[in-house]
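Visitor: Okay, handing you the structure first.
The values are calculated or read from the model by the stated rules, or taken from the named source; none is laboratory data. These figures come from a predicted structure and were not determined experimentally. Here Cβ is always computed from backbone atoms with ideal geometry, including for glycine, and neighbour counts include all displayed protein chains. Side chains are part of the model used for accessible areas, which takes the heavy atoms of the whole protein and leaves out ligands, DNA and RNA. Shrake-Rupley method; radii C 1.70, N 1.55, O 1.52, S 1.80 Å.
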Amino acid sequence: MTNTMWGGRFAASPAEIMEEINASIDFDKRLWRHDILASKAHVAMLGATGIVTPGEADQISGGLDTIQAEMEAGTFTFTRALEDIHLNIESRLAELIGPVAGKLHTARSRNDQVATDFRLYVRDEIETIDAGLAQLQLGLAAKALEEAATVMPGFTHLQTAQPSTFGHHCLAYVEMFGRDRGRFEDAAKRLNESPLAPPRSPARAFPSDRDMTAKALGFARPTANSLDAVSDRDFALEALAAASIAAMHLSRLAEEIVLWTSPQFGFARLTDAFSTGSSIMPQKRNPDAAELVRAKTGRIAGAFQALLMVMKGLPLAYAKDMQEDKEPVFDALDALKLGLAAMTGMVGDLTVDAKAMKRAAGHEYSTATDLADWLVQTLNIPFREAHHITGRIVALAESKGSDLKRLSLAEIQSVEPRVTEGVYAVLDPASSAKSRKSQGGTAPANVRREAKRWIKRLEKDALSR
């Protein structure tokens, strides 16, 4: 039996494998809320413009209300024979109200219907993801305030660099996730056009009011070009691109949590709430939540590439290839939301070992740059020369198995005789971190000020949602 929603041209049923490859209801049924919302806006416009009578519009809208109630109650029956969410809903509407249900599809096609539903879905997801990013930022800013003076080693190439603070480190991620929110915000602005019911020809067979439906659905305006309206998936690609970058940032933080909680670092600890054990080694505490967040980056970035490849060779306007747009988007945005929630939990759960961090901050001659700066500021030595002098002092300390601050003044003076006792003030890691007072520096006062600024901003944003 052919599909009764489109089968007038066809005398025979599709092959079983054709039904298998063609049906999308198994995954696009999650768009039911958006499909009903768009259909209600559309039928209201049809009634207002006289394309259908007010009574017909009320009848169709009432039927859609019934279907919505069935969906919410979990009693709606989906069938793969009807291919997708749009035809499943329209078929049920016909069962409820009879032939008048067929008038709902006047002045629209499935192509603009799915484009509208999908935009509504992505817009909602962006709003949810933005809230998740904001919560993570708030957790990191609170941790930064709490650990503003906790000295830790900075790293470059994963080698010990200049001393920093854990609070300063947390604020770096607050900045990253802030940029992610900006990318999603930009994507939301560009997608905020309604593709519903674009004219099929210059003649415009029906006097549709696209401004009315755009306003009803919360879009800023209707799309300007009917071909672009049904064939555009840039909005999904932009959301996936922003998601990929955000996932990469999550992965970097997850990697650091894996390192910090390892016995080799010993900088921090996760409680049982965010750790798992080993089936064979009783002593193990595995940071599996962080590892899974790190791993999901591949799925999210892969989804972006998958959709990019779907779209890259398509002539205008719609092609069935675009049915492959939803699964990667659904999967990627679900994975990102889960990763954000898990990371927010881990940040709040993380306990820092300040003593271990401070010990590590004093290793590997981390204050060597401070020593070079002291030579420049105190002895008026050009930095390049001060760099060489400091390198020789570091080599001397290394040969003696000593930290810089444990070298005697005489030993330092054997390399540079003009050095005075005052040099020891800059060789302490805590003093080093505290001295970086310029904007963006590691000084605890800076960190506290920035953390409070972010907390105030994020709490204000939360109240305005």
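Visitor: Just name one of Gly441, Thr66, Ala134: the one whose Cα is farthest towards the positive end of the charge dipole of the chain (beta-carbon charges, Lys/Arg +1, Asp/Glu -1).
Guide: Final value for the positive-end residue is Gly441.
Visitor: Work out the length of the dipole vector of region 365-427 about its Cα centre, built from +1 on the beta-carbon of each Lys and Arg and -1 on the beta-carbon of each Asp and Glu, and round it to the nearest 20 debye.
Guide: On the way: 6 positive and 8 negative charges, 17 e Å.
Computed charge dipole of region 365-427: roughly 80 debye.
Visitor: What lysines could a cross-link reach from Lys320, if we take a straight Cα to Cα line under 22 Å and drop same-chain neighbours fewer than 8 places away?
Guide: Lys29, Lys312
Visitor: Let me ask you something else. For the Cα atoms of the chain, what angle does the longest principal axis make with the long axis of helix 32-48, in degrees from 0 to 90, nearest 10?
Guide: Result, in degrees: 50.
Visitor: Determine the per residue accessible area of region 18-103 with all protein chains present and a 1.4 angstrom probe, expressed in square angstrom.
Guide: Values: 3700 Å² over 86 residues.
Averaged over the residues of region 18-103, the accessible area is 43 Å².
Visitor: So what's the gap between the Cα centers of region 111-131 and region 141-179, to the nearest angstrom?
Guide: Going from one Cα centre to the other spans 35 Å.
Visitor: For n ≥ 4 DSSP H runs only, could you compute -39500 (n - 2.57) per run for the chain, divide by its residues and tell me the 222 nm figure to the nearest 500?
Guide: Values: 18 runs with 282 residues, N = 465.
Dividing the helical sum by the residues of the chain leaves -20000 deg cm²/dmol.
Visitor: What's the center-to-center distance, using Cα atoms, between region 23-82 and region 416-433 in Å?
Guide: 74 Å
Visitor: What is the antiparallel percent of DSSP beta bridges lying wholly in the chain, to the nearest 5? Numbers along the way, then the final one.
Guide: On the way: 8 of 10 bridges.
Bridges in the chain are about 80 percent antiparallel.
Visitor: With everything on Cα atoms, drop me the angle between helix 368-379 and the longest principal axis of the chain, reported from 0 to 90° to the nearest 10.
Guide: Helix 368-379 and the main axis of the chain meet at about 60 degrees.
Visitor: Separate question: Please state the charge dipole magnitude for the chain, taken about the Cα centre, from unit charges on C-beta atoms (+1 on K and R, -1 on D and E), reported in debye and rounded to the nearest 20.
Guide: Numbers: 55 positive and 60 negative charges, 292 e Å.
Roughly 1400 debye, rounded to the nearest 20.
Visitor: Against the longest principal axis of the chain, how steep is helix 166-191, in degrees 0 to 90 to the nearest 10, with axes from Cα atoms?
Guide: With rounding to tens, the tilt is 20 degrees.
Visitor: Which residue, Met248, Leu259, Leu96, has the largest displacement toward the positive end of the dipole of the chain when charges sit on each Cβ (Lys, Arg +1; Asp, Glu -1)?
Guide: Leu259
Visitor: When the Cα centres of region 334-391 and region 226-242 are compared, how far apart do they sit, in Å?
Guide: Using only Cα atoms to place each centre, the spacing works out to 42 Å.
Visitor: What order, most packed first, do the peptides 229-238, 319-328 have when packing is the mean number of other Cβ atoms within 10 Å of each residue?
Guide: On the way: 229-238: 21.0, 319-328: 17.2.
Put in order of decreasing packing, that is 229-238, 319-328.
Visitor: Could you provide, to the nearest whole Å², the per residue accessible area of region 396-450 with probe 1.4 Å? Before the final figure, lay out each step's value.
Guide: Working: 3070 Å² over 55 residues.
That works out to 56 Å² per residue.
Visitor: What whole-number value in Å² describes the accessible area per residue of region 271-391 for a 1.4 Å probe? Spell out each step's value before the answer.
Guide: Numbers: 6220 Å² over 121 residues.
Spelled out: the 1.4 Å probe surface of region 271-391, per residue, equals 51 Å².
Visitor: If you don't mind, there's one more thing I want to ask. Roughly speaking, to the nearest percent, how much of the chain's 1.4 Å accessible area is carbon and sulfur? Working shown, then result.
Guide: On the way: 12180 of 22540 Å².
Heavy-atom surface of the chain belonging to carbon and sulfur, 1.4 Å probe: 54 percent.
Visitor: Hey, what did the chain get for relative contact order, percent, Cα under 8 Å, at least 6 apart? Don't skip to the answer; put the middle values down first.
Guide: Values: 644 pairs, mean separation 79.0, N = 465.
Normalised by residue count, the contact order of the chain is 17 percent.
Visitor: Run the dipole for region 18-103 about the Cα centre, Lys and Arg Cβ at +1, Asp and Glu Cβ at -1, nothing else charged, and hand back the magnitude in debye, nearest 20.
Guide: Values: 7 positive and 14 negative charges, 45 e Å.
Roughly 220 debye for region 18-103.
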